[in-house]
1. Within region 124-131, can one find any residue that is on the phi > 0 side of the Ramachandran plot and either at pLDDT below 95 or crowded, with 17+ Cβ neighbours inside 10 Å (or both)?
2. Quick one: what pairs do we get from region 73-95, first residue under 19 Å from Glu156 (Cβ atoms), second among the charged types (D, E, K, R) and in a loop (DSSP other than H, G, I, E, B), C-beta under 9 Å, 6+ apart or different chains?
3. Count, please, the residues in region 78-99 that happen to be touching a strand residue (DSSP E or B) at 6+ places or on another chain (Cβ under 6 Å) and farther than 18 Å from Gly165 by Cα.
4. Does at least one position in region 88-96 carry a residue that is under 23 Å from Thr43 (Cβ atoms), in contact with a Gly (Cβ under 7 Å, 6 or more places away or on another chain) and outside any strand (DSSP E or B)?
5. So, Arg69, is that one under 26 Å from Cys91 (Cα atoms), surrounded by fewer than 14 Cβ atoms within 10 Å (Cβ to Cβ) and either at pLDDT 80 or above or aromatic (Phe, Trp, Tyr) (or both) or not?
6. Criterion first (of a type in the set (A, V, I, L, M, F, W, C), over 24 Å from Ser52 (Cβ atoms) and surrounded by fewer than 19 Cβ atoms within 10 Å (Cβ to Cβ)) does Leu95 satisfy it?
7. Considering every residue within region 99-109, establish whether at least one is touching a helix residue (DSSP H, G or I) at 6+ places or on another chain (Cβ under 7 Å), under 17 Å from Phe155 (Cα atoms), of a type in the set (Val, Ile, Thr) and not in a loop (DSSP other than H, G, I, E, B).
Amino acid sequence: MKKTISAFSVLLLTMALIGAKWPAAETSTDKMVGTDIPFENITDFYYTYDASTATPRYQRYRFYTEDGRHCFDHETREGGGWPQTEADVTCAGTLELTDGQWGTFCDLLNGGIARTRKEVLEDGAAGPWLFIYWTGGEMEGREFAFDPPGNVLAFEAFCAGLRAGTR
């Protein structure tokens, strides 16, 4: 499991170092965060990693806006069997973000691409799965990809720091 995460992280870091980029816009329906999707319109953003291998592990980070406040929520499920249940939650919490933390979140998403969801036929894929929702967007949200792809590493580190300050 750790080897898979490490290999994925190395791949993304290598892509970032050599300048590999997610294509800016493959279709006319792609939306760029910060341009086509203003930051103030973002209502929800989900990052989920879901590995059903031994030992099962589930990690979800959520950024959302509620009553004009920007918030961060996380949940980790580890151990037990599959599927993971509420009994497997090992760490969870919520934090109201400061303006600076929200700004960092926006900086990390800036330039990323929101694409119409596609059916995923892979069995056992762990993700991460990223979805973005915004005022005026589709009800089911869109798949999100960081640009450059290496921003996912900075995003994960940012979330880990926020997670440490949750209640």
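1. As a first pass, look at region 124-131 and keep what is on the phi > 0 side of the Ramachandran plot: 124, 127.
Now restrict to residues that are either at pLDDT below 95 or crowded, with 17+ Cβ neighbours inside 10 Å (or both): 124, 127.
The answer is yes, given that some residue of region 124-131 is on the phi > 0 side of the Ramachandran plot and either at pLDDT below 95 or crowded, with 17+ Cβ neighbours inside 10 Å (or both).
2. Gly93/Arg167; Thr94/Arg167; Leu95/Arg167
3. 3
4. The first filter runs over region 88-96 and keeps only residues under 23 Å from Thr43 (Cβ atoms), leaving 92-96.
With in contact with a Gly (Cβ under 7 Å, 6 or more places away or on another chain) added as a condition, the list becomes 95.
From what's left, outside any strand (DSSP E or B): none.
Checking region 88-96: not a single residue is under 23 Å from Thr43 (Cβ atoms), in contact with a Gly (Cβ under 7 Å, 6 or more places away or on another chain) and outside any strand (DSSP E or B).
5. Details: under 26 Å from Cys91 (Cα atoms): yes; surrounded by fewer than 14 Cβ atoms within 10 Å (Cβ to Cβ): yes; either at pLDDT 80 or above or aromatic (Phe, Trp, Tyr) (or both): yes.
Spelling it out, Arg69 is indeed under 26 Å from Cys91 (Cα atoms), surrounded by fewer than 14 Cβ atoms within 10 Å (Cβ to Cβ) and either at pLDDT 80 or above or aromatic (Phe, Trp, Tyr) (or both).
6. Details: of a type in the set (A, V, I, L, M, F, W, C): yes; over 24 Å from Ser52 (Cβ atoms): yes; surrounded by fewer than 19 Cβ atoms within 10 Å (Cβ to Cβ): yes.
Yes, satisfied.
7. Yes, because at least one residue in region 99-109 is touching a helix residue (DSSP H, G or I) at 6+ places or on another chain (Cβ under 7 Å), under 17 Å from Phe155 (Cα atoms), of a type in the set (Val, Ile, Thr) and not in a loop (DSSP other than H, G, I, E, B).
The values are calculated or read from the model by the stated rules, or taken from the named source; none is laboratory data. Please read all numbers here as calculations on a predicted model, not as lab measurements. Using ideal geometry, Cβ is built from the backbone for each residue, glycine included, and neighbour counts are taken over all protein chains shown.
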